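Remarks on the structure that follows.
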Amino acid sequence: LMEKIVRTIVRIDEELCNGCGLCVTPCAEGAIELVNGKARVVSDELCDGAGFCLAVCPTGALVARETASA
C-alpha cells in the first residue's frame, strides 16, 4: 500500500488578489505567475511550500494549504 505524502503548498484567493504581482519574485520555483491580472499558482508540483510569497501579499490572498499525493 502506498503511503500518502502530505505537503504544504500555497493557494491564492482570487477574490482577494489585487494583481500587484509582489508574490511572483519571491517564488524561487516560478510556481506563481500573473494571469489575466491575478496571481495564480501555475503548478502545484512546482510549489515547495516555503511560503516566501505569503509575507509579501498586501491583501492576504495567499494562504498555505495541505495537499496529499500518493
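Can you tell me which residue is nearest to Ala61 (Cα to Cα) among those in region 37-51 that are more than 10 Å from the chain's Cα centre (by Cα) and at pLDDT 95 or above?
From region 37-51, those more than 10 Å from the chain's Cα centre (by Cα) are 37-38, 45; that's our starting set.
Within this subset, residues satisfying the condition of being at pLDDT 95 or above are 37-38.
On the way: Gly37: 14, Lys38: 10 Å.
Going through the qualifying residues, I end up with Lys38.
Scanning region 29-70 for residues that are part of a loop (DSSP other than H, G, I, E, B), over 30 Å from Met2 (Cα atoms) and of a type in the set (A, V, I, L, M, F, W, C) yields a total of 2. Taken over region 38-70, residues that are within 17 Å of Glu14 (Cβ to Cβ) and among the polar types (S, T, N, Q) amount to 2. For region 15-35, the candidate set comprises residues that are open to solvent by 60 Å² or more (accessible area, probe 1.4 Å) and modelled with pLDDT of 95 or more; within that set, the residue that is nearest to the chain's Cα centre (by Cα) is Glu33.
The values are calculated or read from the model by the stated rules, or taken from the named source; none is laboratory data. Since the structure is predicted, the reported quantities are computational estimates derived from the model, not experimental observations. Note that we place each Cβ from the backbone using ideal geometry, even for glycine, and neighbour counts take in every protein chain shown. Each accessible area value is taken on the protein alone, full model and side chains, heavy atoms only, with ligands, DNA and RNA left out. Shrake-Rupley method; radii C 1.70, N 1.55, O 1.52, S 1.80 Å.
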